[in-house]
1. If neighbour count is taken as other Cβ atoms inside 10 Å, put GLU22, GLU644 in order from fewest to most.
2. Once both labels are modelled 7 Å past Cα along the beta-carbon direction, what's the CYS643-ALA26 spacing in nm?
3. In the set (1) 53.2; (2) 45.6; (3) 31.4, which value of mean projected area of the Cα convex hull in nm² was calculated from the structure you see?
4. Hey, what angle do you get for helix 438-450 against the long axis of the chain, alpha-carbon based, 0 to 90 degrees rounded to 10?
5. What is the ratio of the Cα radius of gyration of segment 274-388 to 2.2 N^0.38 Å, with N the residue count, to two decimals?
6. How much of the DSSP bridge set in the chain is antiparallel, in percent, rounded to the nearest 5?
7. By what distance, in whole Å, do the Cα atoms of segment 393-493 stretch along each of the three principal axes, largest value first?
8. Among TYR167, VAL258, VAL242, pick out the residue whose Cα is farthest towards the positive end of the charge dipole of the chain, where Lys and Arg carry +1 and Asp and Glu carry -1 on C-beta, about the Cα centre.
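Derivation of every value follows stated rules applied to the coordinates shown; laboratory data play no part. All of these numbers come straight from a predicted model, not from anything done at the bench. Here Cβ is always computed from backbone atoms with ideal geometry, including for glycine, and neighbour counts include all displayed protein chains.
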Amino acid sequence: MNKEKTEILIFAGTTEGRKLSECLAAAGVRHTVCVATEYGRIVLEPHSLAEVHQGRMNRKQIANFLQCRRLTAVVDATHPYAKEVTCNIKAAVKELEGQGMFIPYLRLKRDSLAADRPKHSDYITYFTTNEECARALEHTEGNILLAAGSKELSKYCAIESVKNRLYVRVLPSMESLSLCMEHGICGRQIIAMQGPFTMEMNEAIIRQYHISCLVTKESGVSGGYGEKLEAAGRTGTQVFVVGRPEEEEGYSFTEICVELEKLCGKKLRKQGRIEIVLAGIGMGHINSMTEEVRKAVEEADILFGAERLFRRTMLDLSGHEGIYFYFRAEEIIPYLRKVQEKNLFMENKRVVVLFSGDSGFYSGCHALYEALNQEIYEERLQAAVKIMPGISSVAYLASCIGESYQDAAVYSMHGKEVCNLLHRIRSSPKTFLLMSGVRDVNRLGRLLIEAGMTQCSIVTGYQLSYEDQQITSHTPEECCALSREGLYTCFIKNHRVIDRQLTHGIADMGFIRDKVPMTKEEVREVSICKLRLHDKAVVYDIGSGTGSVAVEIASLSDDIQVYAIERNKEAVSLIKRNQDKFGLQNITVVEGMAPEELSELPVATHAFVGGSGGRLKEILEILRQINSKMRVVINAVTMETVCEIKEFLSLYDLKEEEIVQIQANRVKKAGNYHLVQAENPVWICSFTFACGRNVEK
């Protein structure tokens, strides 16, 4: 008997079977691919090492076919629903084994999404059989997209009320088209296309044919099951899913390749890299995009980005493998891992993630860049990442109005609060602001009016780079009246700049006081110096009183956050009035007692204790527990408090410990004389916790 020099036999019926043939050919492994139809032959990539056999075979024919070949292994890559074919292949292999001819049988499983069914699946109903699903369709209304294969068509066409509403998506083969005609499905009801389909293609078909219900099999990752569910979810379409049979045995694509490598002695796996570009696309219109970015988008296999970016760019998005409305690391990275796992034998994939404006200017690009590089460093992704900049709306608006921006303050209100915005505008002759929409422009106008800064002039850039672009000058009052929604960038010209102080030191008379006690100016300034504050410090002002210390600290830097803790209601009101007077948003007023209120606050780096209500030791112990390296400054005016401090200091290992007694004398004019008026002496104790309790002491 003449036996061919064939090593591997693949019974193909899925995308995975076709991919396996391509991998074997690339590795120089001779093999035969068995397909049932002419269409199955057409979609296979021709190769001199790949023989193709077309035609359906029963058990006996399969056994005869196997006998005529010298085989290393048989791979069953038929469709999960083709149970009869799988049974025939296994029976034929078993029969030959009984005749002394052992051939390894490997079942290639299709990757499933069954474990990842949507948590909120009110729009999805699962059925065991096609007959059960067809009966349920009788009780629905509207058009039906049948994406469950032409072989199941008879079950759905048996019910006239269902058949008349069907749009059938089938393979573009004569066999599939003949089955449609045989069951009375007319031309307008046939969508003959080869899948799998992207989410965007599924969505387009659903909208084009006004589909109310999508019928699909649970066809796994390569069958585009996830993309169907996503499109249905986006369009509010009901989904009927026919669950696939459970398989008790089988290998994943990767596992099959590992097994074949052992049997053939040749390496099949070829891991391509994912080439990732993080691209700033400018203001949005294609005309504001750099040629480098435009070329990267055109050549990309996969595109990611917020939906609005695809809507507004006017890019030609045809020809891409996938377009996904993801822009966060927690969405993009898991998808890229799946791409890498699914394409273990892939050539390099080109991925572009789109960001509005400039990738390095108030963009989410950097966070994603860091996350991707971490994945690469820890070898979870075989990838390379590069960034392509875009033109920011600030640069564009500055050029339109003839202003420079290297000497301007630039902030973003896009989706967030700008801390101490008025404080910043007061000290800047020029300020650029990125806005979320017209509400931010209205809010800017109100803030300027309430602060008495009506002398400021504002230029708004509306829909920059688009056909409806408008660049207009406004007063703060006019900003409040704007109502046209869209994308805005603003330029504020402040004609009465107040120079920002380089040192702290607000005069006592600058605060609203009433009858609430206040830390006097000289004591306040020395105490703040002893705190040794830094940028991004988090400060507790305990016993805040009028809030004078909190205001002075918050004024030092917009990046400092102060928590003013005060139990007296009158004082709490006073702190808020002083906060508003100085336009500071980085003060949070906490009404209540220390140390109880401290447990719910962010961890502090520094604490100032101006009043303890007789609970100083308790407060200090809690501060040490909150942050064992905290810097603390305490003011004391009584000997009892000084004794408490001394006792506490003896219990702990402290660093940079210092006690200073300060007394200020003020000179007041009385007639023709200047009299010296003494203020009460104050002890200022400062130290840094050194992580431990001094047990020996």
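1. GLU22, GLU644
2. 8.4 nm
3. Correct label, based on the coordinates given: (2).
4. 0 degrees
5. 0.99
6. 30 percent
7. Each principal axis gives a Cα extent; for segment 393-493 these are 36, 31, 25 Å.
8. Farthest towards the positive end: VAL258.
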